[in-house]
Amino acid sequence: MVLGATHRSDIEEVVNEVVQQYGSSRDELIPILNEINRKVGFLPNGVLEMVSKQLKLPQSKVLSVATFYQMLSTKPRGRHVIQFCESAPCHVAGGRQVWERLQEELNIKAGETTEDGKWSLITVSCLGVCGVGPVVVIDEDLYGNVTPDQLPEILSHYS
Ligand code: FES
């Protein structure tokens, strides 16, 4: 999370900056939401409305995109977001065991955030690096060929 911004003026600034960067074409809706999500940590109240005005799109359309993609969140997330690839090649390479252990270690399920606000866990589709599956991405760090036993050590790198 870059900003932790919750004030409307901070958020407005981020939205303006990102829309300026990508342009206000409707085709840019997903990259724009993705970038705002990355900068703020989630898509807080008001963002969907601001984006819908700037892109001249119905708010319902913006909301449906914001709630469809796993990478986007309309609720606050933990300090660290763990993406677990749940597509078949990673699954076959041992992903199921890694997934079970991950949930056990964090004591949460997909889409949840730990009570201390440290971790959020989401599942994603193929990340395009199937050759090194099972794959786990924590924030911007990608871990390949992950085994269940490596998880405690990997998680310990994050505070
Ligand atoms: S299936 Fe996991 S990275 Fe492709």
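Derivation of every value follows stated rules applied to the coordinates shown; laboratory data play no part. All figures in this text were calculated on a predicted structure; none of them were measured in a lab. Here Cβ is always computed from backbone atoms with ideal geometry, including for glycine, and neighbour counts include all displayed protein chains.
Here are the numbers for this structure:
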read-out: Computed label-point distance, nm, for sites Ser125 and Gln59 using a 7 Å Cα→Cβ extension; value: 2.9
read-out: Of all DSSP beta bridges in the range 7-159, antiparallel share, percent nearest 5; value: 55
read-out: Simple spin-label estimate for Gln20 and Gln70 in nanometres, 7 Å along Cα-Cβ; value: 3.5
read-out: Pairs beyond 29 Å (Cα-Cα), from Lys56/Lys109; Lys39/Lys61; Lys53/Lys118; Lys53/Lys75; value: Lys56/Lys109; Lys53/Lys118
read-out: Virtual paramagnetic centre 7 Å along Cα→Cβ of Val132, amide N under 20 Å, in the range 73-100; value: 81-99
read-out: Point-to-point label distance, Lys109-Tyr158, nm (Cα→Cβ direction, 7 Å offset); value: 2.0
read-out: Trypsin sites (Lys or Arg not before Pro) within the range 79-159: DSSP coil, no more than 10 neighbouring Cβ in 10 Å; value: Lys109
